[in-house]
Amino acid sequence: MQDRLASNGQSMNKTILEMRGITKTFPGVKALQDVNLDVVEGEIHAIVGENGAGKSTLMKVLSGVYPHGSYEGDVVFEGHECHFHGIHDSERVGIVIIHQELALVPLLSIAENIFLGNERARNGVIDWHEVRSGARKLLDMVGLNEDPETLVTHLGTGKQQLVEIAKALAKEVKLLILDEPTASLAEKDSNALLDLLVAFKKQGIASILISHKLNEVSKVADRITVLRDGKTIETMNREEIGEDRIITSMVGRSIEDRYPGRTPQIGETLFEVENWVVHHPIHTERQVIKGVDLAVRRGEVVGIAGLMGSGRTELAMSVFGRTYGHGITGQVRMNGKPVDTSSVKKAVDAGIAYVTEDRKTYGLNLIDHIKHNVTIANLVGVSRGGVIDDLAELRVANDYRARTNIRSSSVYQLTGNLSGGNQQKVVLSKWLFADPQLLILDEPTRGIDVGAKYEIYTIINKLAGEGRGILIISSEMPELLGICDRIYVMNEGRIVGELAGNEASQEKIMRAIVRGEGKTA
Amino acid sequence: MSSETVNSAAAPGARSSVRAIIQSNLRDYGLVVALLAIMVFFQFATNGTLFKPVNLTNIVLQNSYIIIMALGMLLVIVGGHIDLSVGSVSGFVGAVAAILMVEYDLNPLVAAILCLGVGALIGASQGFWIAYLKIPSFIVTLAGMLVFKGLSLAILGGRSVGPFPPEFQMLSAGFIPDVFGPITIPQGEAAPITLHTTTLVIGIAIVLAIVYFSLTSRASRERHGYQAEPFALFAVKTAIIGALILFFTYTLASYKGIPNVMVVMSILIAVFVFITRMTTLGRRIYALGGNAKAAQLSGIKTERLTFYIFVIMGMLAALAGLIFAARLNTATPKAGQGFELDVIAAVFIGGASMAGGVGQVAGAVIGAFIMGVMNNGMSIMGVNIDWQQVIKGLVLLGAVVFDVYNKNKA
């Protein structure tokens, strides 16, 4: 322990966590190979790496999801060797993990959720007074100004995230692990969350932050450990941190440009939406989309920028088979001719595909393998008279696996076991096999690492090059600026701006949003 | 679309696919082994009564209606639903059949077709609420269970109606005719064995067909550059299956041959294996159960699909009701009660998942046979009905625990 302190260069603080020589093997795969990680008291230690690099596996080892004995190596926390056999054991010593998918019970109140499994009770009888006052105190600590009685289901994702953190604080956390905490947060909420981690530092709470957002990592992390292919590549100190260096280290080569180059070959108008009006499915008198006009030409990559809740996803889903909304009016045209998109089937037949923003809930059958997921939107393409040609299907699946570079042992791997980037490639393959003329991509790179993003941009470019139209919804403005020929700006259910790709900038987009806000009365 | 990449991509994909195929079939093999173990156990425990030709024939007759309903239930459960009403529906249809044939003297064939129509209608009426109005299937079919139990009582007026016309009885009591005429094998001093030749011929024909089709499908896989399963494994598997079929048909042949109801059942099993493994309809049902939202967004009409699943289930429940009524040769108000539990248990023993998206026809059929053989064996041994229930319950629990344990280990 003593020489370790001297060697990590942070001799002021003591090391609270040491993971030494962790090796974890799954049948046929070495997920982790001799990984080392140490965390000192009160630091924010970021772990970055591509999808499938082993970040989540490492955290599952640490939190006891993979019990002691199922991996090799030592986990030492506060000087004691740990033999965790479940999350309960790791939480008892003060290690709390907050997963990407939040683990809150929606129909219980904030206070009940905070003390779930850790109830303020005497002999099994809950002391509601203490629950409320305790919750109030914890909510103040995380800066959430909500009534502890509010049901969690009424909170947005950002606030739910804060409730999760309050829940961790209730367990007297010493080491907080956050897995992609800002993946689904708007920028303001993300910043608030990161500020909170910095504030926790002062109270001696260390954090492990797993994130794909390199700008955030370089802003708050004291040290960064890079994993690649299940191995520790390096640990950088604060002064060494730079985005380019991280990327180089993550992918094992330097990426000169994060966006692949492309020479647009734009043809005639492919897809038009005119005067599109959509009402809220429950509050049917409320307009969610208030008369949108937009167009995409062949070979064109068009972006839709906007804040969360601006109606972008609602617009896409209402066009795609009326899968969102009520009282929809307006016209959709493909190649100048009006088309019926009133059911998913009709929309697909008209040549439209929609890749959802939530691939796990809406995109994939996670308990089935890649082959079946790739063909499900176009079974007719691999069957005759309702009978599936197994060999043709296998050929298609292998073909798309190679084309979109899905990393898996075979097409018989369950999609639930793939990393986020590879799952996204399966969803893309599914829609590519349906051969659409217009591809609507909703947050296509959310929760995906730099390397896989580049691959997805390359696929997008290739599709545009084949003369298809691409419509991309994204909350990451640099991404839209990097790949789009034209960008629409949406706010509160309207198009409030249209910018050519080469003259667009983050400032112009923001200005369009802000200016647009006045018009919505 | 393009095929240039096939060969390069096939090599790694195909090799591990062999392992995947074995792994994915491991459970089915395990089930077959469990069924055989149970049969061997009872063969000894009943002093050789279990495998007697007359008893084996009986096992088929006793379980045919459970197996037939298990086929539909498999689709229902894979689709993410449940149907608690099948027992009551089969009882109700049996009652309708009795009224039509016995009281109204309707032609048995016409009456049977009408009854299947009634089953489809019942399935449709339940499927409507489940598919289009999104009422949980558990509740709709629980209601259906009560409704049709009550309706059978009502139309039978609390009495038993029978007997059925002889043609109709043939459905459950008859055997296929021996078109080749029987052959007799002298056994020295013991009584000679008379064999039902047609049954033997059918058994051999089925084995030959299985060998032929598995060889051609292997060859076609290899011709297209995909590695098939190792030949040794393939040969052993085919040999075992062939031997079992031959043994089974030989045993049946030494009694009265193949029962009519087994012909119906076998055709239905083949059809359902085909639907679930080879057709777009089957694939869509698995997609629906695996992730209904994703299936819907992939252009699958999930509502209509759910509706059809329940129509199919209703028809199969009706068919089972006819078979059961023909077997008893009377329709009683109690007919069909509790069948739903055996049917659902068979599907879960066969490896289907409560959450939907997982399950195989072969598994459900074997699951039904496991239950059936246990019923039969324990009855011969003279185990009381109360303890039979206890043991069956524990087997169901054990099978599912084993399954879940295996999945978590993987």
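For chain B, compute Rh as the Kirkwood radius over C-alpha pairs and then the Stokes-Einstein diffusion coefficient at 25 °C and 0.890 mPa s; write the answer in µm²/s, rounded to an integer.
Details: Rh = 22.9 Å.
D, rounded to a whole number, is 107 µm²/s.
So for the stretch B:175-258, what percent of the C-alpha to C-alpha distances run longer than 14 Å?
Values: 2393 of 3486 pairs.
It works out to 69 percent of all Cα pairs.
Using a Förster distance of 30 angstrom, determine the FRET efficiency expected from the C-beta separation of residue B:240 and residue B:190, and round it to 0.05.
On the way: r = 30 Å, r/R0 = 0.99.
Efficiency at R0 = 30 Å is approximately 0.50.
How far is helix A:187-202 tilted off the main Cα axis of chain A, in degrees rounded to 10, range 0 to 90?
So the helix axis and the longest Cα principal axis differ by about 10 degrees.
Amide H to amide H under 5 Å from residue A:98: which residues, 5+ apart in sequence or cross-chain, H placed 1.01 Å off N in plane?
Long-range HN contacts for residue A:98: A:177, A:178, A:179.
Rounded, prolate or oblate, given the Cα gyration tensor of the protein assembly as shown, with a/c below 1.5 counting as rounded? Please report the intermediate quantities before stating the final value.
Working: a/c = 1.89, a/b = 1.67, b/c = 1.14.
Prolate is the answer for the protein assembly as shown, as a/c is 1.5 or above and a/b outweighs b/c.
Decide, for the stretch B:333-386, between rounded, prolate and oblate: order the square roots of the alpha carbon gyration tensor eigenvalues as a ≥ b ≥ c, take rounded if a/c falls under 1.5, and otherwise choose prolate if a/b is larger than b/c, else oblate. Before the final figure, lay out each step's value.
Values: a/c = 2.82, a/b = 1.62, b/c = 1.74.
Oblate is the answer for the stretch B:333-386, as a/c is 1.5 or above yet b/c matches or exceeds a/b.
In whole Hz, what ³J(HN,Hα) sequence does the stretch B:139-154 give by Karplus (6.51, -1.76, 1.60; θ = phi - 60°), x for Gly and Pro?
6, 4, 7, 5, 4, x, 4, 5, 4, 7, 4, x, 5, 4, 4, 5
Working from the pairwise distances between different alpha carbons, so that the mean of 1/r is found and then inverted, what is the stretch B:283-364's Kirkwood radius in Å? Can you show the working numbers first?
Details: mean 1/r = 0.0684 Å⁻¹.
Taking the inverse mean of 1/r over all distinct Cα pairs, the stretch B:283-364 comes out at 14.6 Å.
Give me the dipole magnitude in Debye, nearest 20, for chain B about the Cα centre, with unit charges on the beta carbon: positive for Lys and Arg, negative for Asp and Glu.
On the way: 23 positive and 15 negative charges, 206 e Å.
Magnitude of the dipole: close to 980 debye.
Find the percent of Cα-Cα distances in the stretch A:103-172 that exceed 14 Å, and round it to a whole number. Each step should come with its number before you reach the end.
Working: 1214 of 2415 pairs.
Distances greater than 14 Å cover 50 percent of the Cα pairs.
Check which residues have an amide H placed less than 5 Å from residue B:183's amide H, if you skip close sequence neighbours.
B:195, B:197
Provide Rg and Dmax in Å for the stretch A:232-379, with only Cα atoms included in the calculation.
Looking at the stretch A:232-379, its Cα Rg and Dmax stand at 20.4, 59 Å.
Would you please give the FRET efficiency between residue B:104 and residue B:337, computed as 1/(1 + (r/R0)^6) with r the Cβ-Cβ distance and R0 = 22 Å, to the nearest 0.05?
Using R0 = 22 Å, I get an efficiency of 0.30.
By counting other Cβ atoms within 10 Å of each Cβ, how are A:484, A:82, B:115 ranked from fewest to most? Let's see the in-between values first.
On the way: A:484 27, A:82 18, B:115 24.
Arranged by neighbour count, lowest to highest, A:484, A:82, B:115 become A:82, B:115, A:484.
Most exposed first by the Cβ proxy, i.e. fewest other Cβ within 10 Å, how do B:201, A:332, A:278 rank? If you can, show how the numbers build up before the last one.
Working: B:201 15, A:332 22, A:278 27.
Arranged by neighbour count, lowest to highest, B:201, A:332, A:278 become B:201, A:332, A:278.
Sum -39500 (n - 2.57) across every DSSP H segment of at least 4 residues in the protein assembly as shown, then divide by the residue count to get the 222 nm mean residue ellipticity, nearest 500.
Numbers: 32 runs with 472 residues, N = 931.
Only helices count here, giving -16500 deg cm²/dmol.
Per residue of A:55-65, what is the mean number of Cβ atoms on other protein chains within 10 angstrom of that residue's Cβ?
Working: counts 0, 0, 0, 0, 0, 0, 0, 0, 0, 0, 0.
So the per-residue partner count for this stretch is 0.
How large is ³J(HN,Hα) for each residue in the stretch B:121-127, as worked out from phi by the Karplus curve 6.51 cos²θ - 1.76 cosθ + 1.60 (θ = phi - 60°), to whole Hz, x for Gly and Pro?
5, 4, x, 5, 5, 7, x
Need one number: % antiparallel among DSSP beta bridges in chain A, to the nearest 5.
Numbers: 49 of 84 bridges.
That works out to approximately 60 percent antiparallel.
For the stretch A:360-435, list log₁₀ I(q)/I(0) at each q in 0.17, 0.19, 0.27 Å⁻¹, using the Debye formula over Cα point scatterers of equal strength and ignoring solvent, two decimals each.
Result of the Debye calculation: -0.54, -0.68, -1.33.
Once both labels are modelled 7 Å past Cα along the beta-carbon direction, what's the residue A:186-residue B:266 spacing in nm?
In this crude label model, residue A:186 to residue B:266 measures out at 6.7 nm.
Highest mean first, what order results for B:164-172, A:166-174 on Cβ atoms within 10 Å?
Numbers: B:164-172: 18.3, A:166-174: 20.4.
So the order, starting with the most tightly packed, is A:166-174, B:164-172.
Quick one: net charge around residue A:316, please, counting Lys, Arg +1 and Asp, Glu -1 for every other residue with C-beta under 11 Å from its C-beta. Can you show the working numbers first?
Values: positive: A:312; negative: A:314, A:357, A:442, A:443.
Surrounding charge for residue A:316 is -3.
Which value in nm describes the separation of the simple spin-label points at residue B:383 and residue A:127, placed 7 Å from the Cα toward the beta carbon?
5.4 nm
Using only Cα atoms, what Kirkwood radius does the stretch A:371-506 have, in angstroms? Mind showing how you got there, number by number?
On the way: mean 1/r = 0.0614 Å⁻¹.
One over the average 1/r among Cα pairs gives 16.3 Å for the stretch A:371-506.
If you take the beta carbon distance between residue A:245 and residue B:293 as r and set R0 to 45 Å, what does 1/(1 + (r/R0)^6) give as a FRET efficiency, to the nearest 0.05? It would help to have the intermediate numbers written out before the result.
On the way: r = 41 Å, r/R0 = 0.91.
The value I calculate is 0.65.
List the pairs from B:237/B:392; A:430/B:293; A:188/A:219 whose alpha-carbon separation is above 20 Å, in the order I gave them.
Values: B:237/B:392 29 Å; A:430/B:293 15 Å; A:188/A:219 15 Å.
Long pairs (Cα-Cα over 20 Å): B:237/B:392.
For a quick check of your reading of the filter: which trypsin sites (Lys or Arg not before Pro) in the stretch A:302-377 sit in a DSSP loop and have no more than 14 other Cβ atoms within 10 Å?
Numbers: sites: A:312, A:322, A:333, A:345, A:346, A:359, A:360, A:371; in loops: A:322.
Loop-located and lightly packed - none at all.
Show the residues, 5+ positions off or on another chain, whose built amide H is closer than 5 Å to the amide H of residue A:388.
When sequence neighbours closer than 5 places are left aside, the close amide H contacts are B:279, B:280.
Taking the C-alpha atoms of the stretch B:23-111, how large are the radius of gyration and the largest Cα-Cα span, Dmax, in Å?
18.6, 55
Rounded to the nearest 5, what % of DSSP beta bridges with both residues in the protein assembly as shown are antiparallel? Kindly include the intermediate steps, with their values, before the conclusion.
Details: 56 of 91 bridges.
Percent antiparallel among DSSP bridges in the protein assembly as shown is about 60.
Highest mean first, how do A:220-231, A:294-305, B:380-391 rank when packing is the count of other Cβ atoms within 10 Å averaged over residues?
On the way: A:220-231: 21.6, A:294-305: 23.2, B:380-391: 11.7.
Highest to lowest by the protection proxy: A:294-305, A:220-231, B:380-391.
Partner chain Cβ atoms within 10 Å, averaged over the residues of A:342-354 - can you pull that number for me?
2
Inside 10 Å of the C-beta atoms of A:284-294, what's the mean count of C-beta atoms belonging to other chains?
Numbers: counts 0, 0, 0, 0, 0, 0, 0, 0, 0, 0, 0.
Neighbouring Cβ atoms belonging to other protein chains average 0 per residue here.
For Cα pairs less than 8 Å apart in space and 6+ apart in sequence, what is the mean separation divided by the residue count of chain B, i.e. the relative contact order in percent?
Details: 602 pairs, mean separation 137.4, N = 410.
Once divided by the residue count of chain B, the mean separation gives 34 percent.
For the stretch B:104-171, take every pair of Cα atoms, bin their distances at 10 Å starting from 0, and report each bin as a whole percent.
Each 10 Å bin holds this share of Cα pairs: 17, 36, 31, 14, 1.
Bear in mind these aren't lab numbers, they're just calculated from the coordinates by the rules spelled out. Just so it is clear, the structure is predicted and the values come from calculations on it, not from any experiment. Cβ coordinates were reconstructed from backbone atoms using ideal geometry, including for glycine residues, and neighbour counts include every protein chain displayed.
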